[in-house]
Structure formats: C-alpha cells, structure tokens
Amino acid sequence: MQQKLKVGILGAGHIAQKMATTLMGMKEAELYAVAARELSRAEQFADEFHAQKAYGNYEALADDPDIDLIYIATPHSHHFGPARMCLLKGKPVLCEKAFTANAREAEELIRIAQEKQVFLAEAIWTRYMPFSRTIRELTESGIIGKPMMLTASLGYPIAHKERIVRLELCGGALYDLGVYPINFALMTFGNDLEKITSTCVKNETGVDMQNSITFTYRDGRMAVMQTTAFCASDRQGIISGDKGYLVIDNINNPQQAVVYNTDHQETGRYTCPPQITGFEYQVLEAAEAIRQGAIEPASMPHAETLRVMRMLDSLRQEWGIRFPMDE
C-alpha cells in the first residue's frame, strides 16, 4: 500500500459525496476512484471531487489494483452483494451503516474477511470519533457520580424519502437513524443487558417510522432511546448520575458535552476538536489497521457489528417487519 491511502467509493449518492468531501481535506488519504451504475454519473462525481478514475460498474472498481480501500455508500439493501464481491477479490472494505440487511448477511461477510484475511469494517462514524471516547471517559470519571440513566433522541423529517419508506431498501427509522442512539448507549453504558423492550409506529408499506427502545442493564442502569422519521428532534444524549448529568448536543456528531450538578448549574464544558466532517476518523483507523495487517478496527470490531445487527433483527421480528433479504 502506498503511503497515502487510495480510496475507491462504491456509489455516488449523498453519503458518497460526504466521504469525497472528507477525503479532499485529508493528507493521509485521497479519493482515487468512484463507481456508479451509470458511467456518466461516476464521471460527473469524479469531476466534482477530483477522483482520478470513474467506473460504470462496481466490479471494475474492485478490480483496480491501485485501490487500497473501498468505501461502500449504497443503500442498506445493497451493501451485502458489493461488499462480498470486494472481499472475494481481496479488497479491504469500509461499509456504511446499517452494515447489512440482517445478521445472516453480516456473518457471511465477516466469515469471508476472516478466511481471506482482508480488512472489513462498519462505517458507523460516531464509533471512531475521539470525542465519543471523551464522552465515555467523562461518564466514568465520577464527574456526575454514579451514572444510572441515559436518554438519547434522534429525528429528522424524512418520512417522504424513498430509502425510508421502501421495504425492499431496508427502509424505516431503525436502520437509518436508530442505529445512532443504539450505538451511543452501547459505547457509553456497555452491553451487559438484561432485557430490551420496544415499540414502534409503522406506515402503510410496513416499515417503522418512529420507535422507542429501552435497554435495561443487569446493574439497574437504563438507556431510553427515541427515533423518528416524522419530525426533527433535539438530537441530544443525556447521561444522568447521582451527582449531576452530562448533556451531549448531538449524538449523531457530538460537538459539545456540558456538565451540570444536581442543582442544574453548569460545572464544566467540553468541546470537540476541529474536524473536516467527522468521517475522517473511520478512514484513519481503517488505514492504520490495513497497514498493520488487521482485519477489523479496534473502535468497531466485528463482534460489535454482529451484536448490533442481531439486535436489529430481534427488534424487527418483535415489530413484525421482514425485509425481502430475510427470506
């Protein structure tokens, strides 16, 4: 691998544009190539973001010998096939969240990565952010006493979007948004769960449009999460202890954590260091893992991706939501 990580982006939609913008601002990595289902779209993307190569199909991208990492930016429903193809060709993969349509697909990708000894990671950007570690350290530092309750909310008015409403695209609030509060809780409180309770509201196509999920931990702690595609929410995460509480401004990309005492007086304020978009941290960790010959990142190991995917399967089963890929 060259000193500067050469990244190929598979897909040319909104999330691909965000990654391309990120790579343009990095000195450790560069956007080398892009692939879309239509060559003209890939060429337009390459022109806009200064990629050296554009491909009109995904396999041509995976066959490019100069690419060090392929970032998969297609809809949830179209992660498994391209990721599997890339891994079988020996190409390291950074795959957008939700990782796959279900845990069975995730298990298959991880099996191939292990057999081929090829890097594979889920691109859940909040897992890789240094400020996410700061939040966990603050929680465990005693600054709010013994942490016992966590709440997290994430909502955007996106109920009209095709990727949300279509069952065959793995639509719904859970896969598009719910993974963020779930990961926020797991990062902050860990995974020693006693039980999970939940409810959701579905639309006429059969996907969840808003949901509420509660983790009950074996030591008595609770994490209560709300997600909606109907409306904007405050996006806050609040971690409460017996000596105060910590307010995170945005669990989707935290910029600030403010500490309050039990009298609701501010006692501390912590700010996220400057960032390009926040996507750079997953690229940096992927680059380091590839250099070291690792097949998974420390911040989001395969076991944790599987834990989340099995949780999503279980929630969907409880809500009566089946994707075509489940058959």
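The values are calculated or read from the model by the stated rules, or taken from the named source; none is laboratory data. Since the structure is predicted, the reported quantities are computational estimates derived from the model, not experimental observations. Cβ placement follows ideal geometry from the backbone for every residue including glycine, while neighbour counts extend to all protein chains displayed. Please note that ligands, DNA and RNA were not included when accessible areas were found on the heavy atoms of the full protein model with its side chains. Shrake-Rupley method; radii C 1.70, N 1.55, O 1.52, S 1.80 Å.
Condition first: under 24 Å from I290 (Cα atoms), modelled with pLDDT of 95 or more, under 22 Å from the mean Cα position of the chain (by Cα) and charged (D, E, K, R). Can you find one or more residues in segment 44-66 that meet it?
No.
Against the conditions (1) open to solvent by 60 Å² or more (accessible area, probe 1.4 Å); (2) among the aliphatic types (A, V, I, L, M); (3) under 16 Å from R127 (Cβ atoms), where does V201 fall short? Just the number, please.
Failing condition for V201: (3).
Please enumerate the residues belonging to segment 279-296 that are surrounded by 20 or more Cβ atoms within 10 Å (Cβ to Cβ) and farther than 12 Å from A121 by Cα.
F279, E280, Y281
Considering only residues that are outside any loop (DSSP other than H, G, I, E, B), of a type in the set (S, T, Y) and in contact with a helix residue (DSSP H, G or I) (Cβ under 8 Å, 6 or more places away or on another chain), look in segment 200-228 and name the one that is farthest from S314 (Cα to Cα).
T228
With the condition kept exactly as written, say whether any residue in segment 165-179 is open to solvent by 30 Å² or more (accessible area, probe 1.4 Å), outside any helix (DSSP H, G or I), under 28 Å from N211 (Cα atoms) and touching a residue at least 12 places away in the same chain (Cβ under 8 Å).
Checking segment 165-179: at least one residue is open to solvent by 30 Å² or more (accessible area, probe 1.4 Å), outside any helix (DSSP H, G or I), under 28 Å from N211 (Cα atoms) and touching a residue at least 12 places away in the same chain (Cβ under 8 Å).
Of all the residues that make up segment 111-158, how many are surrounded by fewer than 22 Cβ atoms within 10 Å (Cβ to Cβ), of a type outside the set (K, R) and part of a helix (DSSP H, G or I)?
Final tally of qualifying residues: 11.
Is it the case, given these coordinates, that S233 is of a type in the set (S, T, Y), part of a loop (DSSP other than H, G, I, E, B) and in contact with an Asp or Glu (Cβ under 7 Å, 6 or more places away or on another chain)?
Answer is no for this residue.
State yes or no: is S77 part of a helix (DSSP H, G or I) and farther than 29 Å from P324 by Cβ? Let's see the steps before the verdict.
On the way: part of a helix (DSSP H, G or I): yes; farther than 29 Å from P324 by Cβ: no.
Spelling it out, it is not the case that S77 is part of a helix (DSSP H, G or I) and farther than 29 Å from P324 by Cβ.
Mind checking which pairs have a first residue in segment 89-109 that is on the phi > 0 side of the Ramachandran plot and a second that is among the hydrophobic types (A, V, I, L, M, F, W, C), Cβ under 8 Å, 6 or more apart or different chains?
G90/V118
Does M187 satisfy the criteria of being modelled with pLDDT of 95 or more and open to solvent by less than 10 Å² (accessible area, probe 1.4 Å)?
So M187 does not fit the description; no.
Kindly provide the set of residues from segment 257-276 that are surrounded by 15 or more Cβ atoms within 10 Å (Cβ to Cβ), under 23 Å from the mean Cα position of the chain (by Cα) and polar (S, T, N, Q), ordered by number.
Q275, the sole residue that qualifies.
Got a number for residues in segment 1-45 being assigned to a helix (DSSP H, G or I), more than 16 Å from I276 (Cβ to Cβ) and not polar (S, T, N, Q)?
The number of residues fulfilling the criteria is 6.
Can you name the residue in segment 297-310 that is in contact with a helix residue (DSSP H, G or I) (Cβ under 7 Å, 6 or more places away or on another chain) and part of a helix (DSSP H, G or I) and is also surrounded by the most Cβ atoms within 10 Å (Cβ to Cβ) among such residues?
Applying the filter and picking the extreme gives T305.
Would you tally the residues in segment 55-66 being open to solvent by less than 10 Å² (accessible area, probe 1.4 Å) and either free of Cβ contacts under 8 Å to residues at least 40 places away in the same chain or touching a helix residue (DSSP H, G or I) at 6+ places or on another chain (Cβ under 7 Å) (or both)?
Qualifying residue count for the region: 1.
Is it the case that some residue within segment 126-135 is in contact with a His (Cβ under 7 Å, 6 or more places away or on another chain) and within 20 Å of S299 (Cα to Cα)?
no
Which count do you get for residues in segment 244-254 that are assigned to a loop (DSSP other than H, G, I, E, B) and in contact with a strand residue (DSSP E or B) (Cβ under 7 Å, 6 or more places away or on another chain)?
Residues that pass the stated criteria total 4.
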